[in-house]
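Before any comments, here is the structure.
The values are calculated or read from the model by the stated rules, or taken from the named source; none is laboratory data. Just so you know, these numbers come straight off a predicted model, no measurement behind them. Cβ: placed from backbone, ideal geometry, glycine included. Neighbour counts: every protein chain shown. To get the accessible areas, we keep the full protein, side chains included, count just its heavy atoms, and leave off ligands, DNA and RNA. Shrake-Rupley method; radii C 1.70, N 1.55, O 1.52, S 1.80 Å.
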Amino acid sequence: MMEEEELEFVEELEAVLQLTPEVQLAIEQVFPSQDPLDRADFNAVEYINTLFPTEQSLANIDEVVNKIRLKIRRLDDNIRTVVRGQTNVGQDGRQVKEITRDIKQLDHAKRHLTTSITTLNHLHMLAGGVDSLEAMTRRRQYGEVANLLQGVMNVLEHFHKYMGIPQIRQLSERVKAAQTELGQQILADFEEAFPSQGTKRPGGPSNVLRDACLVANILDPRVKQEIIKKFIKQHLSEYLVLFQENQDVAWLDKIDRRYAWIKRQLVDYEEKYGRMFPREWYMTERIAVEFCHVTRTELAKIMRTRAKEIEVKLLLFAIQRTTNFEGFLAKRFSGCTLTDGSLPKKPKAPDNPFHGLVSKCFEPHLYVYIESQDKNLGELIDRFVADFKAQGPPKPNTDEGGAVLPSCADLFVYYKKCMVQCSQLSTGEPMIALTTIFQKYLREYAWKILSGNLPKTTTSSGGLTISSLLKEKEGSEAAKFTLEELCLLCSILSTAEYCLATTQQLEEKLKEKVDVSLTERINLTGEMDTFSTVISSSIQLLVQDLDAACDPALTAMSKMQWQNVEHVGDQSPYVTSVILHIKQNVPIIRDNLASTRKYFTQFCIKFANSFIPKFITHLFKCKPISMVGAEQVRWT
């Protein structure tokens with residue numbers, strides 16, 4: 001039976017054994033052989049011809065056949081041995097598989113046994129831990145409770161999926177009951193040590209309370225929050241009594257005493273209770289923050305009651321002292337206890353988390369400050385007007401160019417001071433109100449100081465003749481604006497240009513200082529347009545002045561009897577007059593607008609656009625004209 005199976009195996013092997021060239025090459029490299037029978041491209045005919053190359057070699061054919069048969073029997077023996085070996089391997093494999101299955105069963109059993117033992121140990125620990133926890137709670141052994149409670153809670157987590165078992169559920173309920181009892185007991189202990197009514201217990205904290213805080217860290221967070229709340233309330237109870245609204249020290253002029261009191265309390269707390277509460281509770285900072293909340297509320301209440309007594313100096317004094325205190329808190333604490341509701345909206349000091357924590361209460365009363373600035377700016381503008389009248393226009397100084405009026409710089413310096421001060425007080429509506437005041441006095445400055453002091457043009461009586469033009473050439477008659485007036489015009493133009501640029505910068509700074517939600521309400525475009533109008537008016541006056549100075553010469557040119565001219569002479573008198581006026585005005589204007597060259601260029605362009613058409617018009621009025629007269633006109 002075994003031989004039949006082996007034969008079938010060999011036949012199947014011969015039928016399917018078709019090796020690829022790569023596999024055949026690998027076999028040749030591993031088992032090198034020179035026997036033709038081992039070659040993949042074995043050819044029986046060639047092999048026989050090799051064995052019997054001639055007819056004479058056929059004489060030993062029997063010997064060759066016997067050798068081949070012997071070789072075949074050896075190959076059959078080798079194949080049979082290999083096949084039998086493979087059959088044994090299959091039987092061994094089945095045995096191994098059975099052993100592996102048994103091993104897996106044993107492994108599962110071991111794992112379940114280990115889990116059972118671990119669970120039993122946890123159950124033993126849990127039962128013993130709950131008993132110990134209840135006993136320690138009754139004896140107020142909070143130090144031991146803190147360590148044990150966390151362990152019991154960790155072990156209880158392993159039984160979460162077994163809560164359906166009555167015994168496990170009962171243990172879980174006992175743990176919850178113990179936690180509840182601990183919370184109530186610890187709160188009662190703190191109430192006894194620090195009663196809500198009455199004075200603080202003298203001396204430092206006991207070890208019991210210190211350990212109780214460690215237990216509170218593990219219990220429901222509401223227990224910790226209640227301890228903190230009651231302790232801070234009791235710690236600040238004295239403050240509310242000392243600084244009641246009806247007390248003299250409660251008013252703004254003695255606001256320093258509030259901050260001195262809390263500083264002493266913080267030192268006292270650190271000395272007596274600093275080690276009672278865990279460091280991660282940040283109790284010192286919490287006391288300071290709650291003090292700020294209480295102070296903000298109390299100050300707001302008393303300022304509403306005595307609003308008529310608030311003067312700007314008193315208000316600024318109180319705000320300054322308060323912001324100094326907030327700065328002190330920023331240096332001392334990190335602000336990690338501040339919640340979203342602790343700070344007023346949009347504090348504008350990102351590096352000081354305490355900014356506005358108290359000082360926010362002054363914001364409703366900043367109208368006093370705004371009204372004061374309105375009054376001060378009004379007086380400042382009046383002083384500028386009076387100084388201008390008393391000192392007169394700036395003296396001509398072509399070496400330095402057109403000087404910007406000093407009052408302009410004074411105004412913007414004051415604006416900057418107000419803006420910085422107000423932004424420290426509030427970045428909300430008071431900044432918008434201050435912006436409105438700025439707009440008001442920018443317009444007043446433009447009207448009263450700049451436009452109000454522009455030189456007035458006058459109308460000359462009578463016309464000029466050729467003879468009068470000759471007199472002008474000799475310097476007996478000057479342009480309508482004096483040198484001082486031309487310099488004043490250029491100074492006003494330069495000042496308006498400075499105000500325009502600085503007002504734009506002021507708008508940008510105001511938008512940086514104010515709350516983001518209010519930036520759209522900062523718009524000084526109207527005021528910038530006002531200064532642009534002053535610039536345009538100044539340039540137009542300069543053009544009109546030079547243009548008017550040239551008018552008599554053009555009039556004289558058009559009234560000459562050009563048909564009676566008999567010979568061509570030198571440059572015409574009216575040309576000389578026009579050149580004279582240009583030489584008188586343009587260098588002065590150029591030098592005084594040295595710092596604003598673009599406006600000097602505008603002046604030149606506008607004068608050319610005005611003079612050239614007028615000159616052409618008068619030129620057409622020179623008809624009738626003779627050939628000689630035309631030649632004389634050409635020489636102009």
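This table checks each residue for (1) modelled with pLDDT under 80; (2) open to solvent by 50 Å² or more (accessible area, probe 1.4 Å).
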{"site": "Thr576", "(1), (2)": "yes, no"}
{"site": "Ile582", "(1), (2)": "no, yes"}
{"site": "Ile588", "(1), (2)": "no, no"}
{"site": "Asn592", "(1), (2)": "no, no"}
{"site": "Thr596", "(1), (2)": "no, no"}
{"site": "Thr601", "(1), (2)": "no, yes"}
{"site": "Lys606", "(1), (2)": "no, yes"}
{"site": "Phe611", "(1), (2)": "yes, no"}
{"site": "Ile616", "(1), (2)": "yes, yes"}
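In region 163-189, the residues that are closer than 24 Å to Val223 by Cα reach residues that are open to solvent by less than 20 Å² (accessible area, probe 1.4 Å) and part of a loop (DSSP other than H, G, I, E, B) with C-beta atoms within less than 9 angstrom, at least six apart or across chains, in these pairs: Leu171/Phe159; Ser172/Phe159; Gln179/Leu219; Thr180/Leu219; Leu182/Leu219; Gly183/Leu219; Ile186/Leu219. All of (1) crowded, with 19+ Cβ neighbours inside 10 Å; (2) at pLDDT below 80; (3) touching a helix residue (DSSP H, G or I) at 6+ places or on another chain (Cβ under 6 Å) hold for Met560 with one exception: (3). Kindly check whether there is at least one residue in region 462-483 that is modelled with pLDDT of 90 or more, open to solvent by less than 40 Å² (accessible area, probe 1.4 Å), out of contact with any Phe, Trp or Tyr (no Cβ under 8 Å at 6 or more places or on another chain) and not β-branched (Val, Ile, Thr). No, because not a single residue in region 462-483 is modelled with pLDDT of 90 or more, open to solvent by less than 40 Å² (accessible area, probe 1.4 Å), out of contact with any Phe, Trp or Tyr (no Cβ under 8 Å at 6 or more places or on another chain) and not β-branched (Val, Ile, Thr).
Residue check: is Lys417 modelled with pLDDT of 85 or more and surrounded by fewer than 23 Cβ atoms within 10 Å (Cβ to Cβ)?
yes
Each residue in region 419-443 was checked for being within 19 Å of Gln505 (Cα to Cα) and not β-branched (Val, Ile, Thr), and 13 pass.
A quick yes/no check of all residues on (1) modelled with pLDDT of 80 or more; (2) within 22 Å of Asn585 (Cα to Cα); (3) in contact with a Pro (Cβ under 6 Å, 6 or more places away or on another chain); (4) not assigned by the TED database to the domain that holds Ile432:
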{"residue": "Ser460", "(1), (2), (3), (4)": "no, yes, no, yes"}
{"residue": "Leu486", "(1), (2), (3), (4)": "yes, yes, no, no"}
{"residue": "Cys490", "(1), (2), (3), (4)": "yes, yes, no, no"}
{"residue": "Thr495", "(1), (2), (3), (4)": "yes, yes, no, no"}
{"residue": "Leu500", "(1), (2), (3), (4)": "yes, no, no, no"}
{"residue": "Thr503", "(1), (2), (3), (4)": "yes, no, no, no"}
{"residue": "Leu510", "(1), (2), (3), (4)": "yes, no, no, no"}
{"residue": "Val514", "(1), (2), (3), (4)": "yes, no, no, no"}
{"residue": "Thr519", "(1), (2), (3), (4)": "yes, no, no, no"}
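Among residues of region 241-284 being in contact with a Lys or Arg (Cβ under 8 Å, 6 or more places away or on another chain) and among the charged types (D, E, K, R), the one that is modelled with the lowest pLDDT is Arg275.
If I filter region 385-414 down to residues being assigned to a helix (DSSP H, G or I) and among the aliphatic types (A, V, I, L, M), which single residue comes out as modelled with the lowest pLDDT?
Checked region 385-414; the qualifying residue modelled with the lowest pLDDT is Ala390.
Here Leu425 clears all of (1) modelled with pLDDT under 90; (2) under 21 Å from Ser494 (Cα atoms) except the condition numbered (2). In the set (1) closer than 23 Å to Ala330 by Cα; (2) in contact (Cβ under 8 Å) with a residue 60 or more places away in the chain, Lys272 fails one condition alone, (1). Selection within region 245-275: residues that are over 11 Å from Ile287 (Cβ atoms) and acidic (Asp, Glu). The member of this set that is most open to solvent (accessible area, probe 1.4 Å) is Glu271. Within region 201-221, the presence of at least one residue that is of a type in the set (Asp, Glu), outside any helix (DSSP H, G or I) and either surrounded by 13 or more Cβ atoms within 10 Å (Cβ to Cβ) or modelled with pLDDT under 85 (or both) is confirmed.
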